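Notes follow the structure.
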Amino acid sequence: MSAYREIVTKTIVGKGKKTFINEYKINTEEKPDTVLGCWIINHHFRGTNKKNEVTVNGSFDVNVWYSYDNDSKTAVTTRNFNYQEILRLRVKDYDSLSNDNEIIVRSLKQPTVQDVNIKGNDVSLNIEKELGVEIVGESKVKIAILDDELPWDDIEEEPDIDENYIKE
């Protein structure tokens, strides 16, 4: 005969990833001739949820190194950009969803510049990033408990052995 018990545990109730490509513009003091380099640093983000929709708010800094004055001088311009991305997830257990669920956001692909164009004093950047999101909730697991306990094994004492039994 067996009985059942319920174990309450944290589980992933929703999970998904999405790639975003957004255009950003940086206005420079001088008219750029050539973009020599571009890099992204200080990527920070956090997520909040409302049922099966997660809003990720984040920011990053973009550094653009460019030449100007007929490619005779260079400069670096830095700008901070904020973003808000919304991910709609497939949820495995709607009963476990609440606005208090823990949200785990990961950057599966750090923001990188895919394309750069110069338009007057503006540098136009296409930036790609991939975010992964997990919603952690509580679930119940039901397990069977056996009432029949296994019997205890008897442990017998080992006999004393005379080590000098065989004499040479």
Scanning the range 110-131 for residues that are within 17 Å of the chain's Cα centre (by Cα) and more than 16 Å from D61 (Cα to Cα), which turns out least open to solvent (accessible area, probe 1.4 Å)? L131
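Picking from E158, E138, E149, E163, which residue would you name as being touching a helix residue (DSSP H, G or I) at 6+ places or on another chain (Cβ under 8 Å), more than 30 Å from G37 (Cβ to Cβ) and not polar (S, T, N, Q)? Working first, answer last.
Details: E158 fails: touching a helix residue (DSSP H, G or I) at 6+ places or on another chain (Cβ under 8 Å); E149 fails: touching a helix residue (DSSP H, G or I) at 6+ places or on another chain (Cβ under 8 Å); E163 fails: touching a helix residue (DSSP H, G or I) at 6+ places or on another chain (Cβ under 8 Å).
E138 is the lone residue from the list that is touching a helix residue (DSSP H, G or I) at 6+ places or on another chain (Cβ under 8 Å), more than 30 Å from G37 (Cβ to Cβ) and not polar (S, T, N, Q).
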Looking only at the range 132-165, count how many residues are among the charged types (D, E, K, R), in a loop (DSSP other than H, G, I, E, B) and either within 30 Å of G58 (Cα to Cα) or at pLDDT 80 or above (or both). 4
Applying the selection to the range 48-65, what residues are assigned to a strand (DSSP E or B), at pLDDT below 95 and of a type outside the set (A, V, I, L, M, F, W, C)? T48, N49, K50, E53, T55
Among the residues of the range 21-45, which ones are open to solvent by less than 30 Å² (accessible area, probe 1.4 Å), in contact (Cβ under 8 Å) with a residue 40 or more places away in the chain and either of a type in the set (G, A, S) or outside any strand (DSSP E or B) (or both)? T28
Just the residues that are open to solvent by 50 Å² or more (accessible area, probe 1.4 Å) and modelled with pLDDT under 95, please, taken from the range 79-105. I86, R88, R90, K92, Y94, D95, N99, D100, E102
Within the bounds of the range 46-56, is there any residue that is basic (K, R), surrounded by 13 or more Cβ atoms within 10 Å (Cβ to Cβ), under 21 Å from D100 (Cα atoms) and touching a residue at least 24 places away in the same chain (Cβ under 8 Å)? yes
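The values are calculated or read from the model by the stated rules, or taken from the named source; none is laboratory data. The model shown is predicted, which means the values in this text are computed figures rather than measured ones. Quick reminder, even Gly has a Cβ in these numbers, built from the backbone with ideal geometry, and neighbours come from all protein chains shown. Ligands, DNA and RNA are stripped out before the accessible areas are found, and what is left, the full protein with its side chains, is counted by its heavy atoms. Shrake-Rupley method; radii C 1.70, N 1.55, O 1.52, S 1.80 Å.
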